[in-house]
Amino acid sequence: MTNEKIIMLIEAKIQPQRRAELVEAAREYLPLVRAEPGVDGFYLTVRKDDPNTFVFYEIYSSQAAQDFHLQQEFTKKFLATLKSAQAGERVRTNLVELAAEASAL
């Protein structure tokens, strides 16, 4: 395993009637995530053209940091709330930092 950063963009369409509940859950969740070791960035946004589509932008220093994040009880709780509030499947896009790619050339 390398120490390559893990960068993800995740979109989740939320049931409109569950939006307020998820926003409140996120208010509790985000400070905990951002305090974790190895979390270089964690943003929860919504699409301007669709406020019921939540977009997560997550950056971890390594796979180990992401694994640690996923093992936390508060993460499991938030993901369960997110899953129950979704209107369909999440779409996950794995990204690579262009500067890292260029330095490998």
| query | Looking only at helices (runs of 4 or more DSSP H) that fall completely inside the stretch 44-105, which ones have 3 or more residues that are surrounded by fewer than 13 Cβ atoms within 10 Å (Cβ to Cβ), among the hydrophobic types (A, V, I, L, M, F, W, C) and more than 14 Å from the chain's Cα centre (by Cα)? | reply | 98-103
| task | Return a yes/no flag: does the stretch 13-31 have any residue that is of a type in the set (K, R), surrounded by 16 or more Cβ atoms within 10 Å (Cβ to Cβ), touching a residue at least 24 places away in the same chain (Cβ under 8 Å) and outside any helix (DSSP H, G or I). | result | yes
| said: For a quick check of your reading of the model, give me the residue pairs whose first member lies in the stretch 91-105 and is modelled with pLDDT under 85, whose second is not hydrophobic (A, V, I, L, M, F, W, C), with beta-carbon atoms closer than 8 Å and at least 6 apart or on different chains. | reply: A100/E4; A100/K5
| task | Considering each of R19, R27 in turn, give the residue that is under 14 Å from T53 (Cα atoms), more than 13 Å from the chain's Cα centre (by Cα) and not small (G, A, S). | result | R19
| task | Go through the stretch 57-69 and count every residue that is under 18 Å from L95 (Cβ atoms) and aliphatic (A, V, I, L, M). | result | 2
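The values are calculated or read from the model by the stated rules, or taken from the named source; none is laboratory data. Nothing here was measured: the structure is a model prediction, and the numbers come from that model. Every residue, glycine among them, receives a Cβ derived from its backbone with ideal geometry; neighbour counts consider all protein chains shown.
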